[in-house]
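The values are calculated or read from the model by the stated rules, or taken from the named source; none is laboratory data. Values in this document were obtained by computation on a predicted structure and should not be read as measured data. Note that we place each Cβ from the backbone using ideal geometry, even for glycine, and neighbour counts take in every protein chain shown.
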Amino acid sequence: MEKINIKQPKDYITENIIEEIILGNIEDGDELVQEDIARVVGLSRMPVRESLQILEWTGFAKKLPNRRVVAVAPTKKNIKSTFRTLAFIEYSIIIQIIEENKLSDLEKIMAEYIKSPSRRKEVEIHRYISEILGVYPICNIHNQLLSGYFNYAVNNRERGVDSIKEQIIEIKKSFYGEKESILSALNDYFKSLSEDMIEVGEYD
């Protein structure tokens, strides 16, 4: 049985603002005012403040020197570059996991996904990669990247689960080939995700 996710107010606000940014209804540089957002969603300023912090963390907003928070709209270049970087980071982590003989931990969670694929399990695979390595600065950077474009692409793409499952299987198989095959499989997977995200939005 799938885990039931109960959304907190901050997550509800965050997802809606990201959706508006992706669709172009909130444009790059538009100010995100706590009071205005709280009034529109009918909630207090606290979850709105938390939401704006998440948006900054994930790259959909930035705080200016005057403390104003403005939207940051993704561009095709930013999307492609972010997913290419994610592929290389995960490649580097997986190589270290192999060297430390921890590959079985990763293979176990990948096998669970392959047996019963879901978006939630797909996200868990990637979050678990840096957890296995256990190096906090790397976990921090990795999770920050996963929380932004990656999370949006996984949860909003239109491709069917069979296509994703085949890519996860190819990544798992690549662990027993040349190192370059691991990077190649990851590049294919993340390139597809970047294309998924570009398909569902309006970008420069």
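If you go through region 27-84 and pick out every residue that is under 26 Å from MET197 (Cβ atoms) and basic (Lys, Arg), you end up with 6. Return the residues of region 60-99 that are part of a loop (DSSP other than H, G, I, E, B) and surrounded by 12 or more Cβ atoms within 10 Å (Cβ to Cβ); say none if nothing qualifies. Hits for region 60-99 are PHE60, VAL72, ALA73, PRO74, THR75. With respect to SER118, is the statement that it is small (Gly, Ala, Ser) and in contact with a His (Cβ under 6 Å, 6 or more places away or on another chain) true? It is false that SER118 is small (Gly, Ala, Ser) and in contact with a His (Cβ under 6 Å, 6 or more places away or on another chain).
Of the residues screened, ILE21 is one that is at pLDDT below 95, under 29 Å from ASN187 (Cα atoms) and β-branched (Val, Ile, Thr).
When you go through GLU166, GLU131 one by one, which is the residue that is under 18 Å from SER194 (Cα atoms), modelled with pLDDT of 95 or more and either assigned to a helix (DSSP H, G or I) or under 9 Å from the mean Cα position of the chain (by Cα) (or both)?
Details: GLU131 fails: under 18 Å from SER194 (Cα atoms).
One residue alone meets the criteria, GLU166.
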